[in-house]
1. What number in nm² do you get for region 184-276 if you take the convex hull of its Cα atoms and divide its surface by four?
2. What is the sum of charges around V18, taking Lys and Arg as +1, Asp and Glu as -1, for the other residues whose C-beta is under 15 Å from the C-beta of V18?
3. Under unit Cβ charges (Lys, Arg +1; Asp, Glu -1), what dipole magnitude, rounded to 20 debye, does the chain have relative to its Cα centre?
4. Count the net charge of all other residues whose Cβ sits under 14 Å from the Cβ of A122, scoring Lys and Arg as +1 and Asp and Glu as -1.
5. I'd like the Kirkwood hydrodynamic radius of region 104-230, using the inverse of the mean 1/r over distinct C-alpha pairs, in Å.
6. Counting Lys and Arg as +1 and Asp and Glu as -1, each charge on the Cβ, what is the dipole of region 1-135 about the Cα centre in debye, to the nearest 20?
7. What FRET efficiency comes out for L100 versus H79 if R0 is 25 angstrom and r is the Cβ-Cβ distance? Round to the nearest 0.05.
8. Any chance you could run the full-extension gain for I186 through R140? It's 0.36 nm times the residue separation minus the Cα-Cα distance, nm to one decimal.
Amino acid sequence: MGCYSLGVTPENPSDPQVRVVELPGGPAGITDVGEGAVLIAIHGMPGSVRDWRWLGPVIEGPLRFVRLDLPGFGDTAGHTARGRSPGHVAEFVFQVADALEIDRFAVVGQSWGGTAALRTAATCPDRVAGVALISSAGTRPHRSWRHSPTPRRLSPLLRLPIVKTVMRGPIRRAFTSLGFSTSVPIEAIYEGIHYAGTLGFGQVARDLEQVSAPTLVAWADDDRVVEAEIGADLASRAPAGPRLHFGTGGHNLQKSMAVEIGQALIEWIPQLPSRG
């Protein structure tokens with residue numbers, strides 16, 4: 001397990017046109033590019049398929065890369081999933097895979113999406129060949145969680161119009177301080193808080209105990225959202241697989257370290273077992 005600080009980004013991003021597939025609960029926005037072993041991507045909060053636009057150019061030839069807009073983001077309706085928890089997202093992921101006639105796949109999740117990736121693997125291990133966790137939340141509260149109002153308490157309050165109005169400025173400033181762009185719509189931030197409010201650190205620990213699929217873990221020392229100690233703890237608990245520890249790169253390693261992570265995925269995913 002080395003510590004890397006190279007930081008190579010592709011010259012041009014990959015922004016394929018989003019297409020909509022119909023699921024039992026409603027429409028879902030996805031992109032589906034490439035051939036070969038399948039990697040399904042779960043973005044963080046707030047986010048969309050565009051969160052993976054720098055990783056895409058690296059892996060969309062050797063791998064079939066399927067990106068998802070989670071319910072309430074991009075082209076996926078909020079009612080498409082039954083809820084906002086990692087378990088509900090796992091159900092959503094399998095519904096997308098079924099719609100695309102994908103039986104077995106690897107799954108990658110960034111930030112909050114990492115917890116949903118683990119839940120997906122724990123839910124149906126026969127269908128998940130491998131798990132990749134990028135700057136993922138872990139088994140205990142991370143920096144941004146500890147230094148802000150608890151999303152679990154804030155989420156129900158944000159369903160009240162007056163609270164949304166009063167909290168608009170403070171919430172925007174809090175997200176900007178964590179490195180999020182000021183162009184992110186405030187409603188997307190509110191939706192992200194609803195997702196974050198479902199996060200159970202004990203459940204993440206239980207999922208790690210249940211998951212047997214090989215697991216890649218990537219984290220950075222200068223992550224302002226999820227500190228390096230969380231990533232190191234995940235690396236020590238998760239099943240064997242590549243460990244990518246970066247000195248720099250921040251929270252969005254799928255962009256800042258796209259080439260390094262992409263090359264690791266290209267080498268690793270085709271070697272995963274066809275069945276667990």
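1. Here the figure is 7.4 nm², rounded to one decimal.
2. After counting each charged neighbour, the total is -3.
3. 1080 debye
4. 0
5. Every distinct Cα pair counted, the radius reaches 15.6 Å.
6. 360 debye
7. Working from the Cβ atoms, E equals 0.75.
8. Here the segment from I186 to R140 would lengthen by 13.9 nm.
Every read-out reported here was derived from the displayed coordinates using simple, explicitly stated rules and does not represent laboratory data. Just so it is clear, the structure is predicted and the values come from calculations on it, not from any experiment. Don't worry about glycine lacking a Cβ; one is built from the backbone with ideal geometry, like all the others, and counts go over all protein chains shown.
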